[in-house]
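Right, one structure below, let's go through it.
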Amino acid sequence: MKPSFEKVLVLGLGYVGLPTAAVLASRGVSVIGVDTNVQTVDLINQGKVHIVEPDLDIMVRSAVATGKLRAAVAVEPADAFIIAVPTPLTNEHKPDLGHVRAAAESLSPVLKKGDLIIIESTSPVGTTEAVSEWLAGQRADLAFPHQAGYEADVRIAHSPERVLPGRVLLELIRNDRVIGGLSARCAERAAQLYGLFIDGECMLTSARTAELVKLAENAYRDVSIAFANELSMVCGRLNIDVWEAVELANHHPRVGILSPGPGVGGHCIAVDPWFIADSAPAETTLIQAARQVNDAKPDHIVEAIKKAAEAVSISRIACLGLSYKADIDDLRESPAVKIVKSLALGKVGEVVVVEPHIRVLPEELQDLSSLKLVEIDAALDQSDIVVLLVDHQLFKAVDRARLQGKVVIDTRGIWR
Ligand code: SAJ
């Protein structure tokens, strides 16, 4: 087996692909990052980045400057290929494997004996095997692992990313890594690649198990958050402070209730549980119920705001935060965006929004004429109802005296 990797291609230069490409390049490997977006490719070749993540800009700049990282729109031959493209959800809650398939099939012309392909994209169980079958359909001259197992010419593995946005570079190196091969040899070869930059443990398993493990991790978190969110609604009905109840319950040595919030956002936890539900619909009552509980939470908050608005003559509402969680600029699937949109569409008072990490409102909020993006001071001065949607540092630092006399709806419990 080849001991080293001289050249690695990373397909998809997003939140996972770009940091992975930069870290590999920092270890002396020649890395080509491939993306279909020409602007992204141009930007990276200038040593710049298109996503906000601590230290990523410095790492990319130095990797490009040393010539170890280059971006391109087309694939080329390499020793290993890492696929890190999105796996979105269709409107029917089904996984869309179009990007994974296109990326995998684009490798067909450059693939040769001894190459390694790793799928990092979060994928439903069976995807890695499907990649092997798709490529076998195009390259009858090579033996693939679903046909030839240990003796295959090409090694294919799944190793899901598990990094937390905001801590990507740290977690990429420190986290333990699950590596699932279509054969033991595939997993071993992939572990050699990750061994170049990972301090955590590499745990080898089958591709199907690795696929499920990743989905299980995010579904587990979704179910845990759903429990906290359901409890917050129970406490609302019974007029109990949920934060106090959670804090007290968590003194029990075997209880660790998560924090309720306005709902679950981001591109992972709100999406991945559906991949399990799609594969085993009859067996996933709990997972599907958790999705419904978390998806219903924004509407529950909107109802509480409407009730508060009815109690004042002119309701001027300040919504604090739009991102899907604290101290990042990522608005994907954000419950805060859903709540603000619903208030504006329902004409529930005059709404101003504060989001320190963006300069303009996202497109879906731009046409709502009643909505304005303002600074925190202006928002607090102008409002009678303050809705805290994201626990950004900026909001934690608000002087509580400034909230006096206002109706406060604190969905994250930071001002208790
Ligand atoms: N949330 C709560 N209450 C909590 C914790 C989170 O309401 O107690 C909300 C957040 O506000 C946010 C959502 O849940 O809207 C998700 O945030 P998160 O910090 O739990 O997770 P993500 O989506 O940023 O990242 C997750 C991580 N997975 C797990 O923790 C199991 C990360 O490790 C994965 O790499 C990432 O998904 C991914 O890409 O799959």
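The values are calculated or read from the model by the stated rules, or taken from the named source; none is laboratory data. From a predicted model like this one, the values you see are computed outputs, not experimental measurements. Heads up, the Cβs are rebuilt from the backbone with ideal geometry, glycines too, and the neighbour counts pull from every protein chain shown.
Of the candidates ILE328, ILE385, the single residue that is away from the ligand (no atom under 16 Å from the Cβ), touching a residue at least 12 places away in the same chain (Cβ under 8 Å) and surrounded by 15 or more Cβ atoms within 10 Å (Cβ to Cβ) is ILE385. Against the criterion of being within 16 Å of the ligand (Cβ to nearest atom) and hydrophobic (A, V, I, L, M, F, W, C), VAL340 qualifies. Going through (1) within 20 Å of PRO160 (Cβ to Cβ); (2) assigned to a helix (DSSP H, G or I); (3) in contact with a helix residue (DSSP H, G or I) (Cβ under 8 Å, 6 or more places away or on another chain) one by one, ASP278 falls short only on (3). Being modelled with pLDDT of 95 or more, part of a loop (DSSP other than H, G, I, E, B), crowded, with 19+ Cβ neighbours inside 10 Å and polar (S, T, N, Q), is that true of even one residue in segment 124-133? Looking for residues that are modelled with pLDDT of 95 or more, part of a loop (DSSP other than H, G, I, E, B), crowded, with 19+ Cβ neighbours inside 10 Å and polar (S, T, N, Q), one finds none in segment 124-133, hence no. Among the residues of segment 134-141, is there at least one that is polar (S, T, N, Q), within 16 Å of the ligand (Cβ to nearest atom) and part of a helix (DSSP H, G or I)? Looking through segment 134-141, none of the residues is polar (S, T, N, Q), within 16 Å of the ligand (Cβ to nearest atom) and part of a helix (DSSP H, G or I). When segment 370-380 is filtered for residues that are at pLDDT 95 or above and surrounded by fewer than 19 Cβ atoms within 10 Å (Cβ to Cβ), the ones remaining, listed by number, are LEU373, VAL374, GLU375, ILE376, ASP377, ALA378.
Filtering segment 49-104 to residues that are among the charged types (D, E, K, R), touching a residue at least 12 places away in the same chain (Cβ under 8 Å) and surrounded by 15 or more Cβ atoms within 10 Å (Cβ to Cβ) leaves GLU53, ARG61, LYS68, ARG70, ASP79, ARG101. Of note, GLY405 satisfies the criterion of being within 21 Å of ASP241 (Cα to Cα) and modelled with pLDDT under 95.
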